[in-house]
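**Q** Below you will find the structure I want to go over with you.
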Amino acid sequence: MAIDAYIILSAVLFSMGVLGVLLKRNAILVFMSVELMLNASNLALVAFARQWGGLEGHLFVFFVITVAAAEVAVGLALIVAIFRTKQSINIDELHQMEG
Amino acid sequence: MENTGLSLTTVTLFLPMVGLTIIAGMALLDAEKNRENFKWVAFAFSILTFFASLLMWANYNSADPALQLVQRNDWLPQYGISYYVGIDGISLLLVLLTTVITPIAVFASFRSHVIHERGREALYYGFMLLLEWAMIGVFVAQDLVIFYIFWEVTLIPMYFMIGIWGSENRVYAAVKFFLYTMAGSILMLLAMLYVGTQAGTFALPEIVNAVQSGAVSFPFDGLFSTQSFLFLGFLIAFAIKVPLWPFHSWLPDAHVQAPTAGSVILAGVLLKMGTYGIVRFCLPLFPEASVAWAPVVGGLAVIGIIYGAWVSYAQVDMKKLVAYSSVSHMGFVVLGIFALNAQGLQGATLQMINHGISTGGLFLLVGMLYERRHTKLMAAYGGIWKALPLFGAISLIVSLSSMGLPGLNGFVGEFTILMGAFGSEVLGFFFALFATLGVILAAVYTLAMFQKVYLGELDKEENKHLEPMHWQEIAVLIPILVLIFWIGLQPVGFFNTMDTSTEAIVNYVQPHIDEIVVENAASVSEAP
Amino acid sequence: MDIPTLEQLNLSAAFPAISLALGTCLLLLVDLFLPKNRKYLTAWLALGGLAVSFIFNLFAYNSSTTALEGMFIADQFTGFSNIAVIVATAISILLSIDYLKRHQMERGEYYILLLFSATGAMFMAAANDLVVIFVALELLSIPLYIMAAFRPNDARSEESGMKYFILGAFSSAFLVYGAALIYGASGTTNLTEIFSSVEGILATQSASSLYLLAGTALLVVGLGFKVAVVPFHMWTPDVYEGAPTPVTAYMSVVAKLGGFASFLRVMIIALPALALPESTIAVWQTTLWLIAAATLILGNFVAIAQTNVKRMLAYSSIAHAGYILMAVAAAGTAGLGDSAAQAALIYLLAYTFTNLGAFAVAMVLEKTDGSNVTLDDFIGLSRRQPLLAFLMAFFMLSLIGIPTTSGFIGKWLVFQVTLEAGLIPLAIIGVLTSVVSAYYYVRIIVNMYLRENEAAVGDEGEALPGASQYVNWAIYASFAGTLILGLLPVLATNLVNTVNLATMFPR
């Protein structure tokens, strides 16, 4: 079935996103990896929506896109704030708290 | 289930709470101004509670085996839990013990230096009343969850008493006491939940009836089966409280660090909650497991008797000596219970009372010496009889009662227990034999202490000018002396009070003794 | 396709949540016109909004309907969660008023974010659709990211917000992908409809059952991050420590409320039949109980090593998530869904009061420079502030689960349902770890009452930096809740005794 190809692609993208979050040290790149994960989900949703022919999948995608935009707004603001105080966006340097 | 009206049991139970509320109110209003008044409130309410419990005794019909003075109200109906209190003979005697010991402990605190120095009278006397409430609650609760609530609540005031008004190592002792006993009781909670869920109710009499009629059964198949695990869940909680060897290690620490009144209540009442729990829960709910495990538990009890006596003898600290002697005495109680016959159980119940009185008395006496000399080491004393003859005489009586001299209370209890153990179908001859050895050892360590402290030459300068006994100290000891002679000479009244109740409990277990013991005997004779 | 009429949308059933959302939007406008030195008015208006929502919730409490085309369920589960969310939010506002002023972060947006986040939690509890769960979860979380970083020019607060944000977004992505796979398997995002299709999917043995299984796993990961269970907990201590204390108090309670409400809904409504053939136990039960056991063990043991009170409470909150997860795991046994949900709800309410109280007391002791409150700060508190020390001791006993406190009622119901589900090893781990927890909670009591002699002389009567009238109200309210729920649990159990997630829609 043709849909399997889309799902496999989305799974690959999702896994790349997960690895990116876990391995990258730059906050912006981590953030982009999260976006990749969300968009992998969108791809899967759209493919399934096509398969089932309903509206729900498409609806979900639109919500994901919107919410992702909101997250971008908050996330970038946080990154800017951190850059102002620390002059760096390397997440390894976020270690004020240990224990 | 029907809700019943107010019963005398509830009145007795909640009188200390009324006192606690008054103390809390006074403390919130003006703690500084009321400093001297808290103790009187606590004393007044503990005496009131005592009179209420006497009323309970007067209203108790010892011929009737059913629960009496019952009150039952919905608490959490969806889960089958009710506020369910009532008494039988065993509960009644222990409630009386509690209401006698508490005013004594409160009154004995009046002259305590520690409480005077550390202050916080409101907290101290408040905790006393909270403790009395919880202890009475443990003895009258007829619902598993309600019992567990009271059981756990006793931890808190005792923890603070040891921790705030104890001696040098008090924090360690308090935390150890708390964690040790909580670890034991929390497994009991699981076992209770299991029992309650299976039975569909948490009301103890209903569960016991269901178990006896076979409507609810906890499968039993040897030492390690569902029923045995439930039995152990309850038993471990109780064994830690008793404390049964090898669960005793918290006790010497707690006793040595606790203030005098704390020790009196701890030894006098709290330890009895453990043995009471065994009688009230383990035997009726898990009769087969009780029979099967009786030799093991009885064996631990005998080890405890010998071990406690042995270690007592080696002590140089008087309080530690009395603490370890408790391990030995409470071993007798457990042995009596697991003889699983009427004599053993009656002896055990009476011995609970006796131990509360004599050991409570011993702790009071040690406390009075400590107030004078600020040491508990026996080596610091010697010849005290010559300095304080009245004090020495009272000490002699209490010591003799503790070691079981005929004519005094200790003898009656221990003798009945030994008779029960000799006649027991589950324990056999050797248990009783070694326990008898324990009686002899008790005489050895008690007399050794008496000799080191009271007899001999009055050779230490500090001991020559000890403050004579204050009237308050004498007043505290009088009820103890009265009870020692009363139970020693006229125990019949006490036996009558508990007779039908112990009978009922033995009847729960009896059928299974024949079943299991006979079966075991058969399997032994089959073996080559 | 027909456009539904307003009547069909049945908005009135969803009104508690909708009214709060509308009220918050209105407040956003009103706040613009409030002068800068009178921002505390926003707090009062926010409390008013909560009160209105609470009243609507009372009216909707006993309903049992769906709204918004079946995406939203109004039942007792929703109503009870709403009560807990509203109470927790109100207490958090009381905690915030003076804290914000003291730390020069008094801005109206704070309260608006708080209310939006509460709205998200309320929608989460009512969500009957994977889309709604996702959107509500984001509505709950995104304001929290901002609030965690709310203290200006403070590296620790910003770091806390950043960490929370990255892991929160990460976990949402898992949730979405899991939802996508479940949608792929069943062809619907509605929980009730997913339930009716599960048996058919399992019967066909197609790729769909694989999607369903993988989707469930990813959903568990996503929600597991939100409620902070092991192994998805590592963000919790840092975020809790760095965030402003009222925010920590709020998120330790409300994020858990929302997360667990969704967790229960998904597991009990949609996926209870996800079981092997001829089995009455859902396949996810084993996974969940292992996670719960790991959470209990790690949370409680690591908490022992903490000296910073906020970190200690963070690990303690991880441990409590483990107790609640015990109930979720028990729901995997057929027929126990309802009693598990009831136990979890009561536990959550009990935890709400107790934990807010504990955080409130910790906040009172916090110095204005924002430095950490350590266990040593509690030494001798019973002399300096007898009432405060008493209340803190009571909260600690409740967190341990000593009877006459709400914590006992919660633990006991959770243990009972775990036993009924036959998860005896988990129940034993649960009780033993609560003894471990006693160790670190009791340490605070030890410091307050038993180690007074070591306190520095002259400390007596020293004014506490964080004390204020509003904070006291918050602490008294938490105490009242903890005590009343402990003595008269019937008040709460009556509210949930007809919660019927599993039986609401006949199979």
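The values are calculated or read from the model by the stated rules, or taken from the named source; none is laboratory data. This one's a predicted model, so the numbers in the text were calculated from it and none came from an experiment. As a convention, Cβ positions derive from the backbone with ideal geometry for all residues, glycine included, and neighbour counts pool all protein chains shown. All accessible areas refer to the heavy atoms of the entire protein, side chains included, with ligands and DNA or RNA removed. Shrake-Rupley method; radii C 1.70, N 1.55, O 1.52, S 1.80 Å.
**Q** Give me the angle, in degrees from 0 to 90, between the Cα long axis of helix B:155-165 and the longest principal axis of the Cα atoms of chain B, rounded to the nearest 10.
**A** With rounding to tens, the tilt is 20 degrees.
**Q** Here is a follow-up. Taking the Cα centre of the range B:384-491 as the origin and placing charges on Cβ (Lys, Arg +1; Asp, Glu -1), which of B:G428, B:I484, B:S402 is farthest toward the positive end of the dipole?
**A** Farthest towards the positive pole: B:G428.
**Q** If you don't mind, there's one more thing I want to ask. For the range B:287-528, what does the relative contact order come out to in percent, with C-alpha contacts under 8 Å and a separation of six or more? Numbers along the way, then the final one.
**A** Values: 360 pairs, mean separation 69.3, N = 242.
Computed value for the range B:287-528: 29 percent relative contact order.
**Q** Moving to a separate point now. A plus C alone minus the pair: what accessible area, both sides summed, probe 1.4 Å, in Å² to 100?
**A** What A and C bury together is about 3900 Å².
**Q** Let me know the mean shielding of A:57-67 by other chains, meaning the per-residue number of their Cβ atoms within 10 Å of its Cβ.
**A** On the way: counts 7, 0, 3, 10, 3, 1, 6, 9, 0, 2, 10.
Mean shielding by partner chains, rounded to a whole number: 5.
**Q** Take peptide C:181-189, look around each residue's Cβ out to 10 angstrom, count Cβ atoms belonging to other protein chains, and average those counts.
**A** Numbers: counts 7, 1, 10, 12, 1, 2, 8, 4, 6.
For peptide C:181-189, the averaged partner shielding equals 6.
**Q** Put +1 on the Cβ of each Lys and Arg and -1 on the Cβ of each Asp and Glu in chain B; which of B:F224, B:H116, B:M158 then has its Cα farthest toward the positive end of the dipole?
**A** B:H116
**Q** Would you mind giving the average projected area, over all directions, of the Cα convex hull of the range C:312-352 in nm² with one decimal?
**A** Values: hull surface 10.2 nm².
Orientation-averaged projected area of the Cα hull: 2.5 nm².
**Q** Taking N as the number of residues in the protein assembly as shown, what is its Cα Rg relative to 2.2 N^0.38 Å?
**A** On the way: Rg = 32.4 Å, N = 1134, 2.2 N^0.38 = 31.9 Å.
That ratio works out to 1.02.
**Q** What total accessible area, in Å², is buried where chains C and B meet, using a 1.4 Å probe and rounding to the nearest 100? Don't jump to the answer; show the numbers that get you there.
**A** Numbers: alone 18850 and 19210 Å², together 34770 Å².
Interface area, both chains combined: 3300 Å², rounded to the nearest 100.
**Q** Moving to a separate point now. Using just the Cα positions, wrap the range B:79-130 in a convex hull and report its mean projected area in square nanometres, one decimal place. Mind dumping the intermediate values first?
**A** Working: hull surface 22.1 nm².
Spelled out: convex hull of the Cα atoms, projected over all directions, averaged, 5.5 nm².
**Q** Something else about it: Ordered by packing density, taken as the mean number of other Cβ atoms within 10 Å over each peptide's residues, highest first, how do A:31-41, C:254-264 rank?
**A** Values: A:31-41: 22.1, C:254-264: 27.3.
Top of the packing list down: C:254-264, A:31-41.
**Q** Could you name the aspartates and glutamates in cross-link range of B:K241, using Cα to Cα under 15 Å and dropping any fewer than eight places away on the same chain?
**A** Once the sequence-local aspartates and glutamates are set aside, what remains near B:K241 is B:E152, B:D253.
**Q** Could you estimate the translational diffusion coefficient of chain B from the Stokes-Einstein equation, with Rh from the Kirkwood formula over C-alpha pairs, at 20 °C and 1.002 mPa s, in whole µm²/s? If you can, show how the numbers build up before the last one.
**A** Values: Rh = 23.2 Å.
Stokes-Einstein gives a translational diffusion coefficient of 92 µm²/s.
**Q** Among the listed pairs B:K39/B:K272; B:K272/C:K411; B:K272/C:K310; A:K24/C:K310; C:K36/C:K163, give every one whose C-alpha distance is greater than 32 Å. Working shown, then result.
**A** Details: B:K39/B:K272 26 Å; B:K272/C:K411 27 Å; B:K272/C:K310 41 Å; A:K24/C:K310 29 Å; C:K36/C:K163 30 Å.
Over 32 Å apart, Cα to Cα: B:K272/C:K310.
**Q** How much of the accessible area of the range C:6-496, in percent, comes from carbon and sulfur atoms when a 1.4 Å probe is used? The partial results should precede the final answer.
**A** Values: 9320 of 13970 Å².
Carbon and sulfur together cover 67 percent of it.
**Q** Here is a follow-up. Need one number for the range C:1-89: average projected area of the convex hull over its C-alpha atoms, nm². List each step's numbers first, then the result.
**A** Values: hull surface 27.4 nm².
Here the figure is 6.8 nm², rounded to one decimal.
**Q** Under 8 Å for C-alpha pairs, at least 6 residues apart: give me the relative contact order for chain C, rounded to a whole percent. If you can, show how the numbers build up before the last one.
**A** Numbers: 904 pairs, mean separation 75.6, N = 507.
Over chain C, the number comes to 15 percent.
**Q** Towards the positive end of the charge dipole of the protein assembly as shown, with charges on Cβ (+1 Lys, Arg; -1 Asp, Glu), say which of C:V227, C:A293, A:G54 has the farthest Cα.
**A** Final value for the positive-end residue is C:V227.
**Q** How big is the charge dipole of the range C:6-496 about its Cα centre, in debye rounded to the nearest 20, if each Lys and Arg gets +1 on its Cβ and each Asp and Glu gets -1 on its Cβ? Can you show the working numbers first?
**A** On the way: 20 positive and 28 negative charges, 117 e Å.
Dipole about the Cα centre, nearest 20: 560 debye.
**Q** Counting only other residues whose beta carbon sits under 15 Å from that of C:A149, what net charge do I get with K and R as +1, D and E as -1?
**A** Neighbour charge sum, excluding C:A149 itself: -1.
**Q** Still on this structure, please answer the following. Beyond 17 Å, what share of the Cα-Cα pairs of the range C:270-361 is found? Please give it as a whole percent. Please report the intermediate quantities before stating the final value.
**A** Working: 2360 of 4186 pairs.
The calculated P(r) of the range C:270-361 puts 56 percent of pairs beyond 17 Å.
**Q** Run the simple label-point estimate for C:M234 and A:N26 please: 7 Å along Cα→C-beta, distance reported in nm.
**A** Rounded to a tenth, the inter-label distance reads 2.2 nm.
**Q** Quick one, can you get me the convex hull of the C-alpha atoms of chain C expressed as volume per residue in Å³? The partial results should precede the final answer.
**A** Working: hull volume 66.7 nm³, N = 507.
For chain C, the hull spanned by Cα atoms encloses 132 Å³ per residue.
**Q** Using the Karplus curve 6.51 cos²θ - 1.76 cosθ + 1.60 with θ = phi - 60°, what ³J(HN,Hα) values do you get for each residue of the range B:44-54, in whole Hz, with x for Gly and Pro?
**A** Computed from phi, the couplings for the range B:44-54 are 4, 6, 6, 5, 4, 4, 4, 5, 4, 6, 5 Hz.
**Q** Residues of C:435-448, mean number of Cβ from any other protein chain within 10 Å of their own Cβ, rounded to a whole number?
**A** Values: counts 9, 2, 0, 7, 4, 0, 0, 7, 2, 0, 7, 7, 1, 0.
Mean inter-chain Cβ contacts per residue within 10 Å come to 3.
**Q** Report, to two decimal places, the Cα Rg of the range B:142-228 normalised by 2.2 N^0.38 Å (N = number of residues).
**A** On the way: Rg = 17.3 Å, N = 87, 2.2 N^0.38 = 12.0 Å.
Against the empirical 2.2 N^0.38 Å value, I get 1.44 for the range B:142-228.
**Q** What are the radius of gyration and Dmax of chain A, computed over its Cα atoms and given in Å?
**A** Taking only Cα atoms of chain A, I get Rg and Dmax of 16.7, 53 Å.
**Q** To continue, here is another question. Compute the distance in nm between two label points, each set 7 Å from the Cα along the Cα-to-Cβ direction, one at C:A51 and one at B:T500.
**A** Those two pseudo-labels are separated by 6.0 nm.
**Q** Could you tell me the calculated FRET efficiency between B:L458 and B:L377, based on Cβ-Cβ distance and R0 = 25 angstrom, to the nearest 0.05? Please report the intermediate quantities before stating the final value.
**A** Numbers: r = 17 Å, r/R0 = 0.66.
The value I calculate is 0.90.
**Q** Continuing with this model, one more query. Report Rg/Rh for the range B:287-528, rounded to two decimals, where Rg is the Cα radius of gyration and Rh the Kirkwood radius.
**A** Values: Rg = 20.3 Å, Rh = 19.0 Å.
Expressed as Rg/Rh, it is 1.07.
**Q** A follow-up question, please. Give the peptides B:32-45, C:127-140 in descending order of average Cβ contacts within 10 Å, highest first. Working shown, then result.
**A** Values: B:32-45: 17.0, C:127-140: 25.3.
Answer by packing, highest mean first, reads C:127-140, B:32-45.
**Q** For B:K464, list the lysines whose Cα falls under 24 Å from its own Cα; do not include residues on the same chain fewer than 8 positions away.
**A** Partners found: B:K319, B:K376, B:K386, B:K452.
**Q** Using a simple charge model, +1 on the beta-carbon of Lys and Arg, -1 on the beta-carbon of Asp and Glu, nothing else, what dipole does chain B show about its Cα centre, in debye to the nearest 20? Intermediate values should be presented prior to the final figure.
**A** On the way: 21 positive and 33 negative charges, 307 e Å.
It comes to approximately 1480 debye.
**Q** Find how much the distance from B:A393 to B:D30 grows on full extension, using 0.36 nm per residue of separation minus their present alpha carbon separation; answer in nm with one decimal. It would help to have the intermediate numbers written out before the result.
**A** Values: separation 363, 0.36 × 363 = 130.68 nm, distance 4.35 nm.
The span from B:A393 to B:D30 would gain 126.3 nm if fully extended.
**Q** Here's a follow-up. A drop of at least 10 square angstrom in accessible area, chain alone versus all protein chains together, probe 1.4 Å. Which residues of the range B:179-208 meet that?
**A** B:L179, B:M182, B:A183, B:I186, B:L187, B:L189, B:L190, B:L193, B:Y194, B:T197, B:F202
**Q** Quick one: accessible surface of C:I3, probe radius 1.4 Å, all protein chains present, in square angstrom to the nearest 10.
**A** Roll a 1.4 Å probe over it and C:I3 shows about 150 Å².
**Q** May I ask for the Kirkwood hydrodynamic radius of the range B:404-488, worked out over all distinct Cα pairs and given in angstroms to one decimal? Write out the running numbers ahead of the final one.
**A** Values: mean 1/r = 0.0625 Å⁻¹.
It works out to 16.0 Å.
**Q** Quick one, what does Rg over Rh come out to for the range B:102-162 if you take C-alpha atoms and the Kirkwood Rh? List each step's numbers first, then the result.
**A** Working: Rg = 13.1 Å, Rh = 12.3 Å.
Rounded to two decimals, Rg/Rh equals 1.06.
**Q** Just grab the label-to-label distance for C:A207 and C:S371, each label 7 Å out from Cα along the Cβ direction, in nm (one decimal).
**A** Reported label-point gap for C:A207 and C:S371 is 6.1 nm.
**Q** List, in order, the whole-Hz ³J(HN,Hα) value for each residue of the range C:185-198 obtained from phi through the Karplus relation with A = 6.51, B = -1.76, C = 1.60 and θ = phi - 60°; use x for Gly and Pro.
**A** 6, 9, x, 8, 10, 7, 4, 4, 6, 4, 4, 6, 8, 4
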